[in-house]
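S.K.: Would you mind keeping the following structure in view while I ask a few things?
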Amino acid sequence: MSLRAADLPKRITQTGITNAAGVCLITFRATGQVAWEASQITIEMANAPVGCVAELRVNDSLVTPLIPSGDAAAGDPPLPMYPGDVVTIRWTGATPNAQGKAIMFYRPAQY
């Protein structure tokens, strides 16, 4: 059995800049009428200060807290993302103008 490029997980990266209130947001949304299965979401904010907090949320419900300087949410179960769902990484207590980064590994699923 051969492996095709279409069989490989896809990845998407996003960045965000911390506002004056110390909040940095990164948002992922499934496109069109395709659901996604996210197998891993990794975040990074170099020099995140002590007291900074990071969270992974789906439709504003907490999925898991994350280490703000760098962490990964992965494992079972994978995170299902349906059309209309909003997955957000939110840092609070960050230094204004600090950059947050996230990469998500996912597979699309047709209905």
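Every read-out reported here was derived from the displayed coordinates using simple, explicitly stated rules and does not represent laboratory data. In this text the structure is predicted, and so the values were computed from the model without any measurement. Because the Cβ atoms are built from the backbone with ideal geometry, glycine has one as well, and the counts that use them run over all protein chains shown.
S.K.: Mind listing whichever residues of region 13-57 are within 23 Å of Thr92 (Cα to Cα), touching a residue at least 24 places away in the same chain (Cβ under 8 Å) and among the β-branched types (Val, Ile, Thr)?
M.R.: If the condition is that a residue be within 23 Å of Thr92 (Cα to Cα), touching a residue at least 24 places away in the same chain (Cβ under 8 Å) and among the β-branched types (Val, Ile, Thr), then Thr13, Thr15, Ile17, Thr18, Val23, Ile26, Thr27, Ile41, Thr42, Ile43, Val53 are the ones that fit.
S.K.: Then there is this: Within region 28-50, can you find the residues that are outside any strand (DSSP E or B) and in contact with a Pro (Cβ under 9 Å, 6 or more places away or on another chain)?
M.R.: Result: Arg29, Ala30, Thr31, Gly32, Gln33, Val34, Met45, Ala48, Pro49.
S.K.: I'd like the full set of residues that are in a loop (DSSP other than H, G, I, E, B) and out of contact with any Cys (no Cβ under 9 Å at 6 or more places or on another chain), limited to region 92-111.
M.R.: Once the filter is applied, which keeps residues that are in a loop (DSSP other than H, G, I, E, B) and out of contact with any Cys (no Cβ under 9 Å at 6 or more places or on another chain), region 92-111 yields Pro96, Asn97, Gln110, Tyr111.
S.K.: Name the single residue, out of those in region 67-89 being among the small types (Gly, Ala, Ser) and assigned to a strand (DSSP E or B), that is surrounded by the most Cβ atoms within 10 Å (Cβ to Cβ).
M.R.: Within region 67-89, the match that is surrounded by the most Cβ atoms within 10 Å (Cβ to Cβ) is Ala73.
S.K.: Now for a separate question. For region 90-110, which residues satisfy the criterion of being surrounded by fewer than 14 Cβ atoms within 10 Å (Cβ to Cβ) and closer than 20 Å to Thr31 by Cβ?
M.R.: Passing the criteria: Ala109, Gln110.
S.K.: Would you pick out the residues in region 45-62 that are surrounded by 15 or more Cβ atoms within 10 Å (Cβ to Cβ) and either farther than 17 Å from Cys24 by Cβ or basic (Lys, Arg) (or both)?
M.R.: Within region 45-62, Arg57, Val58 meet the criteria.
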